[in-house]
Every structure is written in structure tokens, then in C-alpha cells.
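Asks: One structure, pasted below without further comment.
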Amino acid sequence: MAGSAGSAQEPPGQRRVLAALALAQFICSFAGSNMNVMINDISRDLDTTVQGVQVAITVFLLVMAALMIPGGKLTDRYGRKRCFVTGLVVYAVGALLSAAAPGLGVLILGNSILEGIGTALLIPPVYILTTLLYPDLTSRARAFGIIMALGGIGAAAGPLIGGLITTGISWRAAFVFQALVIAVIVWLSRHIEDPLPPDPERSFDTTGAVLSAVGLVLVVMGILAADNNIWLTIVLIGLGVFVLAWFLRSMGAKERAGQEPLLSLGLFRNRTSNLGLVTQNVQWLILMGTSFTVAAYLQVVRGYDAIQTGVIFTAATLGLLLTSLSAERLARRYPQRTLIMTGFVASVAGVAVLVALAGSFSSAWAFVPGLVLIGLGLGVMLTPSVNVVQSSFPEERQGEISGLSRSVSNLGSSFGTAIAGTILVSGLSKGAYAAAMITLGVIGLGGLAAAALLPRTPDATAPAGDTPASTPRKRT
């Protein structure tokens, strides 16, 4: 079988390509969580507040989510490698600007805006190239396992690495570290060859890109405003829902007129993919929501410094690493639905343990069991959730579904930081911490319910009328 042969003996340079793609996911996930342990340092240095740092983190995640769909679409027009390298360069400029930031405004420009735009350009190619380069389910599970492992480790180990750098040097050095990693990725990306040629004549729906971005921004900014003005929250979320509805209606009208919309509504006619997208959203919501809530609570309420907070998060990193790197073996032994459900059960149990032990014990060790469980759970389900979605569509739709998939995941990260963070900063007390974590646990139960509705067999992941991406196809 062609797919099996390909997985047994990778083409020359493919390992370095996979290393570049995995490192790219690592650094983008790292950027979303490493600032969590710098809250006190950044607040003092830039004369801002915990809420100011929360806004910077959330806006970074939001820019990624809002631009990921347009970013995925641009890969069809300009090519996956070109978008990948361009995103790396924009990201590096943002990282260096953040390192030199004299105030919160410049930090938001560099970290939240430029790094967010760079990520939106470089992440869709990571998942498109992986899907195209690894055609069979097992080898793709292994590749996605490595990518998602480094992504999860970046998010989980971000507090530890960021804490070590912040304590040993400065919080600014953490952004220099990001730029250095980007330089390594650019060097490795020399070996990338785009499996599909770009189509310069491919149309790009600017109106759809603007409507989708504005709608998502309004919804998340509405959540952030909840602790200050509930009426402003209602207005912003209402406007966001209205703009997103306008966006979907516009997409439908373009399709009926025979034009190419930013996002084909046909992507949402695949039930399996829809459920997979829900699980992706909730997974990252739990991960980033937990990271911000626990890190802020430890620093602001319990007075831990950056490195102490980072060391505690090592528990989640180890748990996630253990299960993520077993993705290929687990994919051979268990259905993807079983893995995703198991992951949610472990993650929700971890949230419950975090609430129970933190309220009963003052020791830092009280946070370790819950973080280990959350790490184990997320590591089990991150890869199969991505595989379920990406494998539901043929090659020619990988640009669209990759952009949508990453947008949904990053929107989950934004929601996690915005929802849990808003609850936490409104009180910054034990009661607020418990309320934020319980909210994450309840949302996790919703993810478990979605996972339970997934088909029991992988054959059910192929949409009607489409050629599964997992089926090897001849290239011209």
C-alpha cells in the first residue's frame, strides 16, 4: 500500500520539514501562554494592570482566530511555503518589537497584532502540508502527534520557560527567544516543497474576511468587558453575532451566485467535522483558560514569582508530553472517538481536582495532580480531533478546512483566556478562582458530549461526495 510505504520510509528532508512545522506550532502555542507568568513583571515595568496583560494575551489569541480563515485561503493563491515563510518573518518582527516595548500599547502592537498576523499566515500551511505529505491515517497520526505534542508542550511549558527566562534575565528576553526560534524554523523551511502549485488567479473574498474578523473581535471584546459594564458586553456580543450572521449570509449568497466565498458553507455540512471542530475549540479553551487562571492566581493571590509558577506548570507539560508522543500507537489501538472522550474525562476530572485541592491545601503541590490530569487528557485528544477534521475533506479543500480548524481552535484559546480571565480578575480571590475553574469544567462536559456523538469507526469521517484526504491520490 502506497500510504504504508510512505510512512515506513520518509522522503529525504521530510524529517526536517516535519521539524520546521512542529517548531512553528510550538512557538505559536508558547507565545499564547508564556506571558501568563510575566503578569507581575510586565505590570510593574510597563505601569499597567493584570487586566491590561490579560487584554494583550487575549487580543493575540483573537487576532489569530480572526485571521486564520483568510490565512488558510491565501495559501491556495500564494502557496503554502510562501505564506509560511512570510508569517515567520512578520512574527519575528513582532517579537523583537515586543522585546523593546516602552509601554502596553507597543507591546500590544508587537505581540498581539504582528505576532497574531504572523501566526495566522504560518499555521494553516503547517496543517495543510502535514495532511498532504502524510496520506495514510497512521503516518498522519504520527506527524500530527508530533506537531500537536510540541504545540501542547509550547502552551503547557510556556509558563516554565517564560518563568526561567523572566527570572534569570528579563521578560523582554522571552520575546528575543521567540525570534531566535523563528530563525531556526526559517533555516529548516529551506527543505519544504509545496505538494500543490499555487493558483495566482484564485479569487480572495475581502468582504468576507473583514466581516468574519470584525464579528469575532466584537464577541471576544464583549466577553472582556463583562467585569466592567454588563450592558456594553450585551451590546458588543449582540453586534458580533449580527456581523457573523451577516458574514454567513454573504457566504451563502456568493455560493449561489457561482462566486468563491471566503468560507464555503459546505464545510459545515459534514457532521463529523463539525463535532471535531467543537472538540478542538473546547480543548484549547480548557488549556489556555486553565493556564491563565492558575498562573494569575498563583502570582497575584499567593505571591509566587515567575519561575515558581512555571515549575508548577511542569506537571501539565509532562502529562501532555507523555500522551501526545504516543499518538501513533494510540491511533492504531483505539478509535479516535474513544481517545477524544477519554481525554475530556481526564481533563474535566483534572479541573475538579484543581478546585478541590487548591481550596483545601495551601501547598503548591496541591496544584500538581489536577494539572497532570489535564495534561494527560489534552495530550490524548489533541491529535485525534485534528485528524478527524482534516481527514474529512479532500486535498483541494485542505486550505479552507485548515484555516477554519485553526480559527476554531484559536477562538477556543481566546474564549478560555477571556471567559476564565474575566471571572478571575473581577475578584482575584479563592471564590473567583473556583468560579473560573468550575466554568471551564462545565464547558469541558459540553466537549465530552460532542465527542460522544462522533462516529465509532474512522470510515464515517469521509463526507458524502468527497474523496477522503486519507486516500492516496495520483498527482499530475
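Asks: Is there a residue in the range 68-77 that is open to solvent by 20 Å² or more (accessible area, probe 1.4 Å) and charged (D, E, K, R)?
Replies: Within the range 68-77 (the criterion being open to solvent by 20 Å² or more (accessible area, probe 1.4 Å) and charged (D, E, K, R)), the answer is yes, since at least one residue qualifies.
Asks: Leu454 - would you say it is assigned to a loop (DSSP other than H, G, I, E, B), modelled with pLDDT of 85 or more and touching a helix residue (DSSP H, G or I) at 6+ places or on another chain (Cβ under 8 Å)?
Replies: Spelling it out, Leu454 is indeed assigned to a loop (DSSP other than H, G, I, E, B), modelled with pLDDT of 85 or more and touching a helix residue (DSSP H, G or I) at 6+ places or on another chain (Cβ under 8 Å).
Asks: Further question: Under 7 Å between Cβ atoms, which residue pairs at least 6 apart in sequence (or on different chains) link something in the range 79-101 that is within 12 Å of Val176 (Cβ to Cβ) with a partner that is assigned to a helix (DSSP H, G or I) and open to solvent by 10 Å² or more (accessible area, probe 1.4 Å)?
Replies: So the pair list comes out as Ala92/Ala179; Ala95/Ala179; Leu96/Ala179; Leu97/Val106; Leu97/Leu109; Leu97/Leu114; Ala99/Arg172; Ala99/Val176.
Asks: Next question. Quick one: in the range 269-311, which of the residues that are among the hydrophobic types (A, V, I, L, M, F, W, C) and more than 22 Å from the chain's Cα centre (by Cα) is farthest from Gly163 (Cα to Cα)?
Replies: Per the criteria, the residue is Val301.
So that you can scan it fast, the table gives a plain yes or no per residue for (1) open to solvent by less than 50 Å² (accessible area, probe 1.4 Å); (2) closer than 30 Å to Leu196 by Cα:
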| position | (1), (2) |
| --- | --- |
| Gln308 | no, no |
| Val311 | no, no |
| Ala315 | yes, no |
| Leu371 | yes, no |
| Val388 | yes, yes |
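Asks: Let me ask something else about it. When you look at Gly151, is it buried (at least 24 other Cβ atoms within 10 Å of the Cβ), assigned to a helix (DSSP H, G or I) and without any contact (Cβ under 8 Å) to a residue 40 or more places away in the chain, yes or no?
Replies: In short, no.
Asks: Tell me, yes or no, whether the range 275-282 has at least one residue that is small (Gly, Ala, Ser), more than 15 Å from Gly72 (Cβ to Cβ) and assigned to a helix (DSSP H, G or I).
Replies: yes
Asks: Something else now. Suppose we filter Val55, Val59 for residues that are open to solvent by 10 Å² or more (accessible area, probe 1.4 Å), out of contact with any helix residue (DSSP H, G or I) (no Cβ under 6 Å at 6 or more places or on another chain), in a helix (DSSP H, G or I) and closer than 30 Å to Leu244 by Cβ; which single one remains?
Replies: Val55
Per-residue answers, yes or no, for (1) under 29 Å from Gly87 (Cα atoms); (2) in a helix (DSSP H, G or I); (3) at pLDDT 75 or above; (4) open to solvent by less than 10 Å² (accessible area, probe 1.4 Å):
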site: Ser4; (1), (2), (3), (4): no, yes, no, no
site: Ser7; (1), (2), (3), (4): yes, yes, no, no
site: Phe26; (1), (2), (3), (4): yes, yes, yes, no
site: Ser33; (1), (2), (3), (4): yes, yes, no, yes
site: Arg44; (1), (2), (3), (4): no, yes, yes, no
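Asks: Within the range 172-199, which residues are farther than 21 Å from Tyr78 by Cα and touching a Gly at 6+ places or on another chain (Cβ under 7 Å)?
Replies: Within the range 172-199, just Ala174 meets the criteria.
One line per residue, one yes/no per condition, for (1) at pLDDT below 80; (2) more than 20 Å from Pro369 (Cβ to Cβ):
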{"position": "Leu275", "(1), (2)": "no, yes"}
{"position": "Thr293", "(1), (2)": "no, no"}
{"position": "Tyr297", "(1), (2)": "no, no"}
{"position": "Arg302", "(1), (2)": "yes, no"}
{"position": "Ala306", "(1), (2)": "yes, yes"}
{"position": "Thr309", "(1), (2)": "yes, no"}
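Asks: Looking at the range 298-305, can you tell me whether even one residue there is out of contact with any Pro (no Cβ under 9 Å at 6 or more places or on another chain), more than 24 Å from Thr383 (Cβ to Cβ) and of a type in the set (Val, Ile, Thr)?
Replies: Yes, there is a match, as at least one residue in the range 298-305 is out of contact with any Pro (no Cβ under 9 Å at 6 or more places or on another chain), more than 24 Å from Thr383 (Cβ to Cβ) and of a type in the set (Val, Ile, Thr).
Asks: Follow-up question, since we're still on this one. So which residues in the range 184-212 are part of a helix (DSSP H, G or I), open to solvent by 20 Å² or more (accessible area, probe 1.4 Å) and closer than 23 Å to Leu67 by Cα?
Replies: Val186, Thr206, Thr207, Val210
Asks: Only one residue in Gly447, Gly441 is at pLDDT 75 or above, on the phi < 0 side of the Ramachandran plot and under 17 Å from the mean Cα position of the chain (by Cα), so which one is that?
Replies: Gly447 is the lone residue from the list that is at pLDDT 75 or above, on the phi < 0 side of the Ramachandran plot and under 17 Å from the mean Cα position of the chain (by Cα).
Asks: If you don't mind, another one. I'm trying to understand the selection: among the residues of the range 331-357, which are surrounded by 22 or more Cβ atoms within 10 Å (Cβ to Cβ) and either touching a strand residue (DSSP E or B) at 6+ places or on another chain (Cβ under 8 Å) or modelled with pLDDT under 85 (or both)?
Replies: Answer for the range 331-357, where residues must be surrounded by 22 or more Cβ atoms within 10 Å (Cβ to Cβ) and either touching a strand residue (DSSP E or B) at 6+ places or on another chain (Cβ under 8 Å) or modelled with pLDDT under 85 (or both): Ala331, Gln336.
Asks: Could you list, in sequence order, all residues of the range 243-274 that are free of Cβ contacts under 8 Å to residues at least 12 places away in the same chain and in a loop (DSSP other than H, G, I, E, B)?
Replies: Ala257, Gly258
Residues checked against (1) modelled with pLDDT of 85 or more; (2) out of contact with any Ser or Thr (no Cβ under 8 Å at 6 or more places or on another chain); (3) among the basic types (Lys, Arg); (4) under 30 Å from Ala296 (Cα atoms):
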site	(1), (2), (3), (4)
Pro195	no, yes, no, no
Val220	no, no, no, yes
Asn228	no, yes, no, yes
Val243	yes, yes, no, no
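The values are calculated or read from the model by the stated rules, or taken from the named source; none is laboratory data. On a predicted model such as this, the values are computed, not experimentally measured, just so you know. Quick reminder, even Gly has a Cβ in these numbers, built from the backbone with ideal geometry, and neighbours come from all protein chains shown. Note: areas computed on protein heavy atoms with side chains; ligands, DNA, RNA excluded. Shrake-Rupley method; radii C 1.70, N 1.55, O 1.52, S 1.80 Å.
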